[in-house]
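Chemist: Structure incoming, see below.
The values are calculated or read from the model by the stated rules, or taken from the named source; none is laboratory data. Fair warning: this is a prediction, and the values are worked out from it, not measured in the lab. Positions of Cβ are generated from backbone atoms using ideal geometry, with glycine treated the same way; all protein chains shown enter the neighbour counts.
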Ligand SMILES: C[S@@+](CC[C@H](N)C(=O)[O-])C[C@H]1O[C@@H](n2cnc3c(N)ncnc32)[C@H](O)[C@@H]1O
């Protein structure tokens, strides 16, 4: 059996990180105005999901129109949870509940907004299915999702932005243990405007500390956001956590192309920014 077939049958253990209620509430409390009157779809959630719990408890208060959750059962029959003002009902789906199945895409088509912590292994599929269907979304994911070129292009084009909560988040694992993961961010199509600290670099440029890329000699490699030089007016390749800052006064030029090497060594993907000239 191929790896893809095995993973389809057994599921990918790296996808099983369940969101805690406080994580869901901490972010979604900022979206009430966007959610009013909306048909909401939770596409990777069983009846015990903190997202289901959030909407079940606030169905009336949020003034949402409907809320449907589907849960994936690799190689089996998935479950559908329908939340109403009076509670939730659970019924079997016809298929396995794969978000990409015709059955789930039908539920997507009949919704306005998709909300979940999707599986990281197919984060791109969730994002692009939702974008292509023209639906709004709020997804929890890893900032490393931005390293995928198509994801970064959609972000750079303003099709979605980062949400409110930043930093590490604790998740529940299938065995009941808790695990903190770094780099977790919310990604949303809604026009949220969290207040972010301005990017005010304090480091001083020194050519020996900021090497250029082997194939892109006009771009300087910067190790951490804290290392961004205050006095360098050209292109700087910086970690994606730069988007936790208010980038007024800077322009985002794109991301580094291939091959992504500095002095012959491959480096992590980075965004390219430049100070705007006054
Ligand atoms: C990161 S977990 C989060 C679960 C839940 N949304 C939460 O926040 O607690 C992602 C879930 O997506 C499910 N999943 C994996 N592949 C899927 C697919 N193709 N379609 C829908 N769900 C999938 C996994 O089984 C896993 O439970």
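To keep it simple, each residue is scored yes or no on (1) in the same structural domain as residue 46 (by TED's automatic domain parsing); (2) surrounded by 18 or more Cβ atoms within 10 Å (Cβ to Cβ); (3) modelled with pLDDT of 95 or more.
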position: 151; (1), (2), (3): yes, yes, yes
position: 156; (1), (2), (3): yes, no, yes
position: 174; (1), (2), (3): yes, no, no
position: 181; (1), (2), (3): yes, no, yes
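Chemist: Let me ask another. Report yes if residue 53 is under 23 Å from the mean Cα position of the chain (by Cα), in the same structural domain as residue 169 (by TED's automatic domain parsing) and surrounded by fewer than 22 Cβ atoms within 10 Å (Cβ to Cβ), otherwise no.
Modeler: So residue 53 fits the description; yes.
Chemist: Kindly check whether there is at least one residue in the range 69-89 that is at pLDDT 95 or above and more than 22 Å from residue 105 (Cα to Cα).
Modeler: no
Chemist: Between 233, 259, which is touching a strand residue (DSSP E or B) at 6+ places or on another chain (Cβ under 6 Å), in a loop (DSSP other than H, G, I, E, B) and outside the structural domain of residue 144 (by TED's automatic domain parsing)?
Modeler: Only one candidate passes the filter, namely 233.
Chemist: What number of residues within the range 44-76 satisfy the criterion of being within 11 Å of the ligand (Cβ to nearest atom) and either part of a strand (DSSP E or B) or farther than 21 Å from residue 173 by Cβ (or both)?
Modeler: Qualifying residue count for the region: 3.
Chemist: Give 226, 260 a once-over and let me know the one that is surrounded by 19 or more Cβ atoms within 10 Å (Cβ to Cβ) and farther than 29 Å from residue 13 by Cα.
Modeler: Testing whether each residue is surrounded by 19 or more Cβ atoms within 10 Å (Cβ to Cβ) and farther than 29 Å from residue 13 by Cα leaves just 260.
Chemist: Among the candidates 215, 209, which residue alone is over 19 Å from the mean Cα position of the chain (by Cα), assigned to a loop (DSSP other than H, G, I, E, B) and without any contact (Cβ under 8 Å) to a residue 24 or more places away in the chain?
Modeler: 209
Chemist: I've got another one for you. Residue 72 passes all but one of (1) touching a strand residue (DSSP E or B) at 6+ places or on another chain (Cβ under 8 Å); (2) touching a residue at least 24 places away in the same chain (Cβ under 8 Å); (3) within 22 Å of residue 12 (Cα to Cα); which number fails?
Modeler: Condition (1) is where residue 72 drops out.
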